[in-house]
Structures are given as C-alpha cells and as structure tokens.
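One structure below.
The values are calculated or read from the model by the stated rules, or taken from the named source; none is laboratory data. Not measured: the values here are computed from a predicted model. Glycine also receives a Cβ, built like all others from the backbone with ideal geometry; neighbour counts cover every protein chain displayed.
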C-alpha cells in the first residue's frame, strides 16, 4: 500500500457511477475517507440516489471536457490513443496486475484503484489531464471537483492555478515514446 492508498481508493469509489453498491458503501466510505472528501460525501449522502446518478451523468457523460479517461486529455479521439491505452496495460502488468475491467484501462477510477496499490506512477504521468479535469469540474461547480482537488494535492509540486498553467503543464509534460510507421517509409524509398 502507498502513502495515499486510502485517499486514492476513496477517490476511486467517489468517481465511479453512484449505483446501489456505491450507496451501500457510503457509510464505510464516510468513516474511512480522509477529511478532504467530507464535502462530497455529505453531498452524496444528502442527495436522493436517482438525482445523484443524474448529476453524475450530466457531469461526466455529456462533456468530453469532463472526461474520466486520462488518455483522452493528451491524445483526444485519435489513433494515438490506442498506444496510450496499451501503455496503461503495460504499467499494470509491470506491477503484477492484469487489467480486466469493463472500462478502458485509462478510466480514472481504475487508475486510482491501481494507484492505491502501486503508487501514483500513472497519476503523475497524466498529471496535466488530471489538472485540466480538476479545473473543468471546478468551473462546472460540482462537488466532484473536491475529489479531484484531493487527488491532485497528493502529486508532487503545486497544482496549476488556472487553465493556462494547466495547458502549459500539458505542453511540458513527461517525455513519451511514440511508436510510428517510420520503417514503412523506407519501403517506398527503395522502390
């Protein structure tokens, strides 16, 4: 378990769809989660389950700018996203885990659950996307923003104060190796 394991696990549950299982786990979550989650958990407990589910859908299912899929923040809906998803699976395997969820491997609740056990390697690698999501949720004025605030506060260095700083972080993000089709270009040169 990592230093922030309980926080990451609690965030994973909070950012999942608020189904019956979520509501059944809510008392345990309120008892175990760090104080940073109090505002969200108070909101979740006080909100009728159907309304909480509708709010979740409004926040996360209708706007890509609130995407819970971390590779989307860097790659968008491009072909490069496939390689990014492979990278997530490789990191899971390198830590002795096999991703078998119903969601894509970059789904933030899955990444948070992984981070609770293996550390924040993927969160750090996708910090710029997390920060952009954090800012977008804050602008949307949803209680889910406090969950992202808590997660981002665990990462090294200060969080960007605004979208411009977050975009600058995205441009200067961690180096990546992109696999391309360069060898195929050589075939055309020799014909």
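Here is how the numbers come out for the structure above:
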{"item": "Failed item, numbered, when residue 151 is tested on (1) in contact (Cβ under 8 Å) with a residue 12 or more places away in the chain; (2) within 20 Å of residue 7 (Cβ to Cβ); (3) not in a helix (DSSP H, G or I)", "result": "(3)"}
{"item": "Subset tally (residues that are part of a helix (DSSP H, G or I) and closer than 18 Å to residue 11 by Cβ) for region 30-76", "result": "22"}
{"item": "Test for residue 7: is it part of a helix (DSSP H, G or I), surrounded by 13 or more Cβ atoms within 10 Å (Cβ to Cβ) and within 15 Å of the chain's Cα centre (by Cα)", "result": "yes"}
{"item": "Verdict on residue 142 being assigned to a loop (DSSP other than H, G, I, E, B) and either within 17 Å of residue 12 (Cβ to Cβ) or modelled with pLDDT of 85 or more (or both)", "result": "yes"}
{"item": "Condition met for residue 99 (surrounded by 13 or more Cβ atoms within 10 Å (Cβ to Cβ) and part of a helix (DSSP H, G or I))", "result": "no"}
{"item": "Verdict on residue 104 being outside any helix (DSSP H, G or I) and modelled with pLDDT under 90", "result": "no"}
{"item": "Test: residue in region 78-86 that is under 15 Å from the mean Cα position of the chain (by Cα), within 19 Å of residue 102 (Cα to Cα) and in contact (Cβ under 8 Å) with a residue 12 or more places away in the chain", "result": "yes"}
{"item": "Test: residue 81 is under 24 Å from residue 136 (Cα atoms) and touching a strand residue (DSSP E or B) at 6+ places or on another chain (Cβ under 9 Å)", "result": "yes"}
{"item": "Flag for residue 90 being farther than 16 Å from residue 128 by Cα, in a loop (DSSP other than H, G, I, E, B) and more than 10 Å from the chain's Cα centre (by Cα)", "result": "no"}
{"item": "Hey, residue 2 surrounded by fewer than 20 Cβ atoms within 10 Å (Cβ to Cβ), outside any helix (DSSP H, G or I) and either under 15 Å from the mean Cα position of the chain (by Cα) or in contact (Cβ under 8 Å) with a residue 12 or more places away in the chain (or both) or not", "result": "yes"}
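Every residue, every condition in (1) farther than 21 Å from residue 7 by Cβ; (2) surrounded by 16 or more Cβ atoms within 10 Å (Cβ to Cβ), yes or no:
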{"site": "49", "(1), (2)": "yes, no"}
{"site": "53", "(1), (2)": "yes, yes"}
{"site": "111", "(1), (2)": "no, yes"}
{"site": "116", "(1), (2)": "no, yes"}
